[in-house]
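Worksheet: one structure, shown below.
The values are calculated or read from the model by the stated rules, or taken from the named source; none is laboratory data. None of these values were measured; they are calculated from a predicted model. Glycine also receives a Cβ, built like all others from the backbone with ideal geometry; neighbour counts cover every protein chain displayed. SASA here: full protein model, heavy atoms, side chains in, ligands and nucleic acids out. Shrake-Rupley method; radii C 1.70, N 1.55, O 1.52, S 1.80 Å.
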Amino acid sequence: MKLQEKKKICDEKELDKIIQRIASQINEKYHSISEIILIGIYTRGVYISKRIKKKIKELSGINVKEGILDITLYRDDLTKIAPNPVVKQSRLDFPIDDKPIILVDDVLFTGRTIRAAIDALIDYGRPSKISLAVLVDRGHRELPIQADFVGKTIPTSLKEIVEVRLKEVDGEDGIWILERKNET
């Protein structure tokens, strides 16, 4: 299978607006914003979380806590992704018991990544609440999981892939739809 770029959904400027909107929604929902902890899911969720944190600080003046979560060993498809998967280090340098957590990821699809993230998070403690912030919700859920904060909803077919590119990882910012094509 080959991936072919089908459509550019947004550029760097629009991506920044989406992150600003998510940060504003979080700021409005939580009266005690200083209590929340943002936790980015490797890889792109980590950088999106950092950007949301920066926007929250600009809005409220509060520097919220943030952590990093690697879900590799909690995935239900671990044996399919690679013979020797690379496990990165989670970083939660503070207790999460009785704290409101916001998991941050780039694309919400089947819900399996978020299920794995919740399983991994519970190994660190018992939060008072777990919310979810995603840049893109593309539908096609296999588990009953939904985001509390969604930057953009993009209806897709199962042949399509939503690809978020971030400067920190990919050298550019934007969101694209790619399509799987059979090689001939």
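Key figures
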{"item": "GluC sites (Glu not before Pro) within the stretch 93-184, DSSP loop, no more than 16 other Cβ atoms inside 10 Å", "result": "GLU142, GLU172, GLU183"}
{"item": "Inter-label distance for VAL86 and GLU28, nm, one decimal - labels placed 7 Å from Cα along Cα-to-Cβ", "result": "3.9 nm"}
{"item": "Listed values (i) 11.1; (ii) 11.7; (iii) 10.4, entry calculated as mean projected area of the Cα convex hull in nm²", "result": "(i)"}
{"item": "Per-residue ³J(HN,Hα) for the stretch 163-174, Karplus 6.51 cos²θ - 1.76 cosθ + 1.60, θ = phi - 60°, Hz, x for Gly and Pro", "result": "10, 9, 10, 10, 3, 4, 10, 10, x, 8, 9, x"}
{"item": "Efficiency of FRET from Cβ geometry, TRP176 and ILE145, R₀ 22 Å, rounded to 0.05", "result": "0.40"}
{"item": "Degrees, to the nearest 10: 112-122 long Cα axis against longest axis of the chain", "result": "30 degrees"}
{"item": "Beta bridges per DSSP with both ends in the chain, % antiparallel, nearest 5", "result": "40 percent"}
{"item": "Under 25 Å from the Cα of LYS29 - lysines, other chains or at least 8 residues apart", "result": "LYS13, LYS17, LYS50, LYS53, LYS54, LYS55, LYS57, LYS65, LYS99, LYS129, LYS152"}
{"item": "Computed lengthening from LEU73 to LYS129, 0.36 nm per intervening residue step minus Cα-Cα distance", "result": "17.9 nm"}
{"item": "Nearest-ten-degree value, helix 12-29 long axis tilted from longest Cα axis of the chain", "result": "40 degrees"}
{"item": "Additional length obtainable on full extension of the chain from THR153 to GLU5, 0.36 nm per residue less Cα span", "result": "51.4 nm"}
{"item": "The stretch 97-153, accessible surface, carbon-and-sulfur percent (1.4 angstrom probe)", "result": "45 percent"}
{"item": "Set of aspartates and glutamates near LYS2 by C-alpha distance (under 16 Å), chain-local residues within fewer than 8 positions excluded", "result": "GLU160, GLU163, GLU179, GLU183"}
{"item": "Cα-based helix-to-principal-axis angle, 44-60 vs the chain, degrees rounded to 10", "result": "40 degrees"}
{"item": "Relative packing of 146-152, 99-105, 126-132, which averages over residues the other C-beta atoms within 10 Å, highest first", "result": "99-105, 146-152, 126-132"}
{"item": "Accessible area in square angstrom per residue, the chain, 1.4 angstrom probe", "result": "54 Å²"}
{"item": "Net charge of neighbours whose Cβ lies under 10 Å from the Cβ of LEU132, counting Lys and Arg as +1 and Asp and Glu as -1", "result": "-3"}
